[in-house]
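The values are calculated or read from the model by the stated rules, or taken from the named source; none is laboratory data. Not measured: the values here are computed from a predicted model. Reconstructed Cβ throughout: ideal geometry from the backbone, glycine too, with neighbour counts over all protein chains shown.
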Amino acid sequence: MCGIVGYLGAGNAVPVLINGLKRLEYRGYDSAGLALVTGEALQVTKNKGKVADLEAMLPPGLSASTGIAHTRWATHGEPNTVNAHPHLSPSGRLAIVHNGIIENYNVLKEYLLQKGHVFRSETDTEVLIHFIEDIYRSSASSLPEAVQMALRRVVGAYAIAVISADEPGTMVVARKGSPLVIGVAANGDFIVGSDAAPLVEYTKTVYYMDENEIAYLQRGKPMEVRTLDDRPVSPKLTELDLSIEALEKEGYPHFMLKEIYEQPRSVHDSMRGRLLPGKGMVKLGGIQAYENHLLESRRIIMVGCGTSWHAGLVGEYLFEELARIPVEVEYGSEFRYRNPIIGPGDVVIGISQSGETADTLAGLRLAKEKGALLLGICNVVGSSIARETHAGIYTHAGPEIGVASTKAFTAQVTVLTLMALRLGMLKGTVSEQRARALMRELDQVPELIEKVLQSDLLIQQIARQYQQAKNFLYLGRGINFPVALEGALKLKEISYIHAEGYPAAEMKHGPIALIDENMPVVVIATRKGNYDKIVSNIMEIKARNGKIISIVSEGDTQVKALSDHTIEIPQTDEMLTPLLATVPLQLLAYHIAVGLGRDVDKPRNLAKSVTVE
Ligand code: F6R
């Protein structure tokens, strides 16, 4: 949800800001803009559309040593140029970029309107910069003090960066509820970003701002950090573990395809040092101290949104099968508002690629208040969920830039598999023989995914035949039911074709009415997963002339004979099939979307990190 970048240093801000926006564009791409301190004034350029459009508007040779920039995912006000950030204060001497939502902006706006303020945009952000200037001018406070005083009156979530034409060598940044990272280059330059991606080319030394902190950056001086209630903070700098290559497409036409192809490596990285088949062990250092708590828990609640919620559903099958612990899986958005019954006997696992999803985070905070143990399964290191949970396991999938989640999902499922296996082994609910077999097979999964990727050309051909379809149905049973949901989500979000995932047997309770010769039905029919029942479901579809695209275990003949198209995945333990069956569904969605000319990495209306409710 919106990306912000800032630069304050000895060099030129413009390329840093533009490159930074490009790296953050996955967070939103409705509009983009930048503000520079040039001479005695602020120069703002902004536009509806993508960062490339903004870049094309900039005059050649534009230069400034202080600037802020923004790429927007619209919340308040339609995505047009007026609503684009940066926003200026009434005098035009202060500029702000903001990621988040000012919930009480109406109250503040009313107060300012009564004082004669005139607003150009419909945004909450413009209200905030007016409010900051109101305090700045009336209380003779310094800029950081004025920002601090204003933010104390603000309800909502924000990461902001403010610059002033009157103090060209300074910048004030603050965070509450939305992430913000400050990079410090060797020469003292500051680069600020919503995540570390805009910083990595310039420095690896960073400070991940904490909640309710405000930082005052001045050229040539160390940063000063305080809490909003004015306690000094000594910022702990950390070393970034992120390479530029990880942020580039490296020859792939889209990040999504690169990330699909990265899965043998990312799944391997999720297991590295954790799965030790030679020793017959699974070791999860991140949650070791809480294993007894988990074993004694009366139930586990997994909380997530979108694809991460689907990973939680796979986790439910894994935990119940292997560790015999009851599991509930909740959408963050529902869980947080439902007055759920949670207590100290519960363990709540937050699953999130970004670690910033507002609804998941709010659900976790609620569970914490009620005394539950919180664990996090996050990809982004240092993210809010990773920091607010008691303990957790990073997925180590590497940066995921395509908006549609692919490698993050398989990494989440891998971590959940390891957790379920570890708990099952400790509890004795999985026999030693099965545990060893599962460990051996899990160890093979990266290679098996490599094999699945070899079907890419076949999947591309299938995609071509069905890209004009108006609807798709995805069916699966057992542990592959969530995979059907995930396949449908991938297709709809990047191709804009309507798709639904269903438990295969539920089809006859309604969706079967939709089936005719124009309806492609993707069926996950692996050998051990209620195979005979799935065969019956396929027959029911064939009897109504539906088109079957089946995902089957290698060597299958029965489903193959009934299908219009078949994609084989290697045989493995049924509990591990989601890690394989997901991959052809990702590729199918990808090729259909490419065939339709969609912007695969930046699908319309979406953003990667949803930091608003
Ligand atoms: C789908 C997708 C979204 C995210 C969801 C949660 O491809 O990317 O559905 O899964 O917004 O995001 P995280 O995992 O960052 O909490």
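Structure data summary
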| quantity | calculated |
| --- | --- |
| Selection from region 492-543 of residues that are among the acidic types (Asp, Glu) and outside any strand (DSSP E or B) | GLU493, GLU506, ASP516, GLU517, ASP532, GLU540 |
| Options LEU489, LEU438, LEU418: the member that is within 25 Å of the chain's Cα centre (by Cα) and either in the same structural domain as HIS293 (by TED's automatic domain parsing) or at pLDDT below 95 (or both) | LEU418 |
| One residue from LEU242, LEU257, LEU247, LEU199 being in contact (Cβ under 8 Å) with a residue 12 or more places away in the chain and in contact with a strand residue (DSSP E or B) (Cβ under 6 Å, 6 or more places away or on another chain) | LEU199 |
| Filter result (part of a helix (DSSP H, G or I) and among the basic types (Lys, Arg)) within region 91-146 | LYS109, ARG137 |
| Residue within region 69-76 that is at negative phi and at pLDDT 95 or above present | yes |
| Where a residue in region 556-580 is farther than 13 Å from LYS528 by Cα and its partner, wherever it lies, is part of a loop (DSSP other than H, G, I, E, B), with Cβ under 6 Å and at least six apart | ILE567/SER455; GLU568/GLU554 |
| Single residue of region 41-68 satisfying the filter (in contact (Cβ under 8 Å) with a residue 40 or more places away in the chain and within 11 Å of SER31 (Cα to Cα)) that is surrounded by the fewest Cβ atoms within 10 Å (Cβ to Cβ) | LYS50 |
| Some residue of region 206-224 being touching a His at 6+ places or on another chain (Cβ under 8 Å) and in contact (Cβ under 8 Å) with a residue 12 or more places away in the chain | no |
| Single unsatisfied condition, SER383 versus (1) near the ligand (Cβ under 10 Å from one of its atoms); (2) of a type in the set (Gly, Ala, Ser); (3) surrounded by 24 or more Cβ atoms within 10 Å (Cβ to Cβ) | (3) |
| Residue within region 115-125 that is of a type outside the set (Asp, Glu) and on the phi > 0 side of the Ramachandran plot present | yes |
| Only listed residue being buried (at least 24 other Cβ atoms within 10 Å of the Cβ), at pLDDT 95 or above and either more than 14 Å from the ligand (Cβ to nearest atom) or outside any helix (DSSP H, G or I) (or both), chosen from LEU585, LEU579 | LEU579 |
| Residue within region 181-189 that is of a type in the set (Asp, Glu), out of contact with any Asp or Glu (no Cβ under 7 Å at 6 or more places or on another chain), farther than 17 Å from VAL127 by Cβ and modelled with pLDDT of 95 or more present | yes |
| Pairs where the first residue, in region 293-310, is under 13 Å from GLY350 (Cα atoms) and the second is acidic (Asp, Glu) and more than 16 Å from the ligand (Cβ to nearest atom), C-beta under 8 Å, 6+ apart | ILE300/GLU328; ILE300/ASP346; ILE301/GLU328; ILE301/ASP346; MET302/GLU316; MET302/GLU328 |
| Residue that is surrounded by the most Cβ atoms within 10 Å (Cβ to Cβ), among those in region 552-576 that are of a type in the set (Val, Ile, Thr) and touching a Leu at 6+ places or on another chain (Cβ under 7 Å) | ILE569 |
| Members of region 51-83 found to be assigned to a loop (DSSP other than H, G, I, E, B), among the hydroxyl-bearing types (Ser, Thr, Tyr), closer than 27 Å to GLU40 by Cα and under 30 Å from the mean Cα position of the chain (by Cα), listed by number | THR81 |
| Wholly enclosed helices (runs of 4 or more DSSP H) of region 271-373 bearing at least 2 residues within 14 Å of the ligand (Cβ to nearest atom), among the polar types (S, T, N, Q) and within 26 Å of GLY100 (Cβ to Cβ) | 306-318 |
| Subset tally (residues that are within 13 Å of the ligand (Cβ to nearest atom) and out of contact with any strand residue (DSSP E or B) (no Cβ under 6 Å at 6 or more places or on another chain)) for region 395-433 | 16 |
| Which listed residue is in contact with a strand residue (DSSP E or B) (Cβ under 9 Å, 6 or more places away or on another chain), touching a residue at least 24 places away in the same chain (Cβ under 8 Å) and within 13 Å of the ligand (Cβ to nearest atom), from GLY376, GLY392 | GLY376 |
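Let's see how each residue does on (1) out of contact with any Leu (no Cβ under 6 Å at 6 or more places or on another chain); (2) basic (Lys, Arg); (3) farther than 23 Å from ILE260 by Cβ:
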{"site": "LEU473", "(1), (2), (3)": "yes, no, no"}
{"site": "ALA488", "(1), (2), (3)": "yes, no, no"}
{"site": "ILE515", "(1), (2), (3)": "yes, no, yes"}
{"site": "VAL523", "(1), (2), (3)": "no, no, no"}
{"site": "SER550", "(1), (2), (3)": "yes, no, no"}
